[in-house]
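J.: Provided herewith is a single structure, encoded as structure tokens, for subsequent inquiry.
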Amino acid sequence: MRSGIAFDVTAADRARLEAIVANRGSPQKHAWRAKIILTSDDGLGTVAIMAATGKSKTCVWRWQERFMADGVDGLLRDKSRPPGIAPLDPALVEQVVALTLEPPRQEATHWNRAMAKAVGIAASSVVKIWHEHGLAPHRWRRFKLSNDKAFAEKLHDVVGLYVSPPAHAIVLSVDEKSQIQALDRTQPGLPLKKGRGGTMTHDYKRHGTTTLFAALNVLDGSVIGRNMQRHRHQEFIRFLNAIEAELPKDKAVHVILDNYATHKQPKVRAWLARHPRWTFHFVPTSCSWLNAVEGFFAKLTRRRLTHGVFHSVVDLQAAINRFIKEHNQEPRPFEWKADPEEIIAAVKRGHQVLESIH
């Protein structure tokens, strides 16, 4: 052993050290530290201990010295080390949090790396403070509170159709997805392969647009869709006639619609009067999310349109029709799970907050 290091291993200490080495559940660092002391007690020199444990000379000397000072318990704990970087002053942390909750001093939409310059700390420290306090100034959530005076009444009406539809009736969620662009890329993209994602040019060619009228059957999840060039009341009436031709004649039809002007046009109301088995149910103003067919539109956009390449409007319409056909092969009934009372309470809280601010 190095000069200045000397210790005796008692029988109790040796038994404890041997138990640590023999226990397969012991941390490896505890096992080789115990082995250093056991081989030292057996009279082995430093070079032999290094060969037996695979550790360096300074490491062997360090743990011999630790055992001499603290015994077996000293081998089982690591000495605490001072942090490499001094912790931030709590007052500085509070200043960053307070500034983040206020608009930026310069003309900007939100705080970014300018916060680091404003308070005089590293940008990584600012990010760490934001993370610890649950702040994300770069993120925004869009919202729109309905001002419909009959919000609760219309909400209960629509949700009632979803949860408990009338007997011997068909419930349809109807809307149109307008201005779907037939986008073609200026160059062919490269396919996905291991280590590289698929590629697509950032620019594109426009080949026109189409409008998809869709009716989602809430009871079985099937979709009736028609592609049309425009989305006026004339096209909407043509779509209603197409639905009427496909539905059984002996059932009432309840249709959930948003407040788009096309849906309330006088000629549409006249069509509705000529078809007494049809009943329109309008969602509250600014509540298109309540219309179940919006979920189908989102799936269509996500799975077929976003990364699609279409050389013409006809190509786009054919792709949409194929998607509807594939969807109808395995339709799933729409299930409403949200509590209407919780939605109404949330809207009330939102209005109260807006009134308190303004």
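J.: Over region 76-122, what number does the Rg to Rh ratio reach, with both radii from the alpha-carbon atoms and Rh per Kirkwood?
T.: Across region 76-122, the Cα-based Rg/Rh ratio is 1.22.
J.: Only sites in a loop by DSSP and with at most 14 other Cβ atoms within 10 Å count here; which GluC sites (Glu not before Pro) in region 32-136 make the cut?
T.: Answer by residue number: 107.
J.: Which residues' amide hydrogens lie under 5 Å from the amide hydrogen of residue 253, considering only partners 5 or more residues apart or on another chain, with H built in the peptide plane?
T.: Under 5 Å from the amide H of residue 253 lie the amide H atoms of 170, 278, 279, each far enough along the sequence or on another chain.
J.: Find the accessible area per residue for the chain; the probe is 1.4 Å, ligands and nucleic acids are left out, and the unit is Å².
T.: Value returned for the chain: 62 Å² of accessible area per residue.
J.: For region 82-161, treating each Cα as an identical point scatterer without solvent, what Debye log10 I(q)/I(0) comes out at q = 0.17, 0.19, 0.25 1/Å?
T.: For the requested q values the scattering log ratios are -0.71, -0.82, -1.25.
J.: Additional query: What ratio of Cα Rg to 2.2 N^0.38 Å holds for region 1-137?
T.: 1.78
J.: Calculated FRET efficiency, residue 204 and residue 15, Cβ-Cβ r, R0 56 Å, to nearest 0.05?
T.: 0.15
J.: Contact order normalised by length for the chain, with contacts defined as Cα pairs under 8 Å and 6 or more residues apart; what percent is it?
T.: So the answer I get is 15 percent.
J.: Another question about this same structure. Residue 147 to residue 178: extension gain in nm, 0.36 nm per residue of separation minus the Cα-Cα distance?
T.: Using 0.36 nm per residue and subtracting the Cα-Cα distance, I get 8.7 nm.
J.: Any idea how far the Cα center of region 22-47 sits from the one of region 136-171, in Å?
T.: With region 22-47 and region 136-171 each reduced to a Cα centre, they are spaced 69 Å.
J.: Using the Cα gyration tensor of region 278-358, with a ≥ b ≥ c the square roots of its eigenvalues, what is the shape: rounded (a/c below 1.5), prolate (a/b larger than b/c) or oblate (neither)?
T.: prolate
J.: Using a 1.4 Å probe over the heavy atoms of the protein chains, calculate the carbon and sulfur portion of the accessible area of the chain as a whole percent.
T.: Of all accessible area on the chain, carbon and sulfur atoms account for 53 percent.
J.: Given a Förster distance of 56 Å, report the FRET efficiency between residue 321 and residue 133 from their Cβ-Cβ distance, rounded to the nearest 0.05.
T.: In this case the efficiency is close to 0.65.
J.: Classify the chain from the C-alpha gyration tensor, please: rounded if a/c falls under 1.5, else prolate or oblate depending on whether a/b exceeds b/c.
T.: Prolate shape, in that a/c is at least 1.5 and a/b is the bigger ratio.
J.: Sequence gap at least 6, Cα distance under 8 Å: using those rules, report the relative contact order of region 127-251 to the nearest whole percent.
T.: 20 percent
J.: Using θ = phi - 60° and the Karplus curve 6.51 cos²θ - 1.76 cosθ + 1.60, what whole-Hz ³J(HN,Hα) does each residue of region 130-138 get, with Gly and Pro shown as x?
T.: Computed from phi, the couplings for region 130-138 are 4, 5, 5, 9, x, 9, 9, x, 7 Hz.
J.: I'd like the Karplus ³J(HN,Hα) series for region 201-208: coefficients 6.51, -1.76, 1.60, θ = phi - 60°, whole numbers in Hz, and an x wherever there's a Gly or Pro.
T.: With the stated coefficients, region 201-208 comes to 5, 6, 9, 7, 10, 8, 10, x Hz.
J.: Now a separate question. For region 220-306, taking Cα atoms only, what is the radius of gyration to one decimal and the Dmax to the nearest whole Å?
T.: In Å, with Rg to one decimal and Dmax whole: 13.7, 40.
J.: Right, another one. Given axes a ≥ b ≥ c from the Cα gyration tensor, I'd like to know whether region 202-358 is rounded (a/c under 1.5), prolate (a/b larger than b/c) or oblate.
T.: Here region 202-358 falls in the oblate category.
J.: When the Karplus curve 6.51 cos²θ - 1.76 cosθ + 1.60 is applied with θ = phi - 60°, which whole-Hz ³J(HN,Hα) does each residue of region 254-261 get, with x for Gly and Pro?
T.: Taking θ as phi minus 60°, the curve returns 10, 10, 9, 10, 8, 8, 4, 4 Hz for region 254-261.
The values are calculated or read from the model by the stated rules, or taken from the named source; none is laboratory data. Since this is a predicted model, take the numbers as computed values, not measurements. All Cβ positions, even for glycine, are placed from backbone atoms using ideal geometry, and neighbour counts span all protein chains on display. Keep in mind that these areas ignore ligands, DNA and RNA; they rest on the heavy atoms of the full protein, side chains included. Shrake-Rupley method; radii C 1.70, N 1.55, O 1.52, S 1.80 Å.
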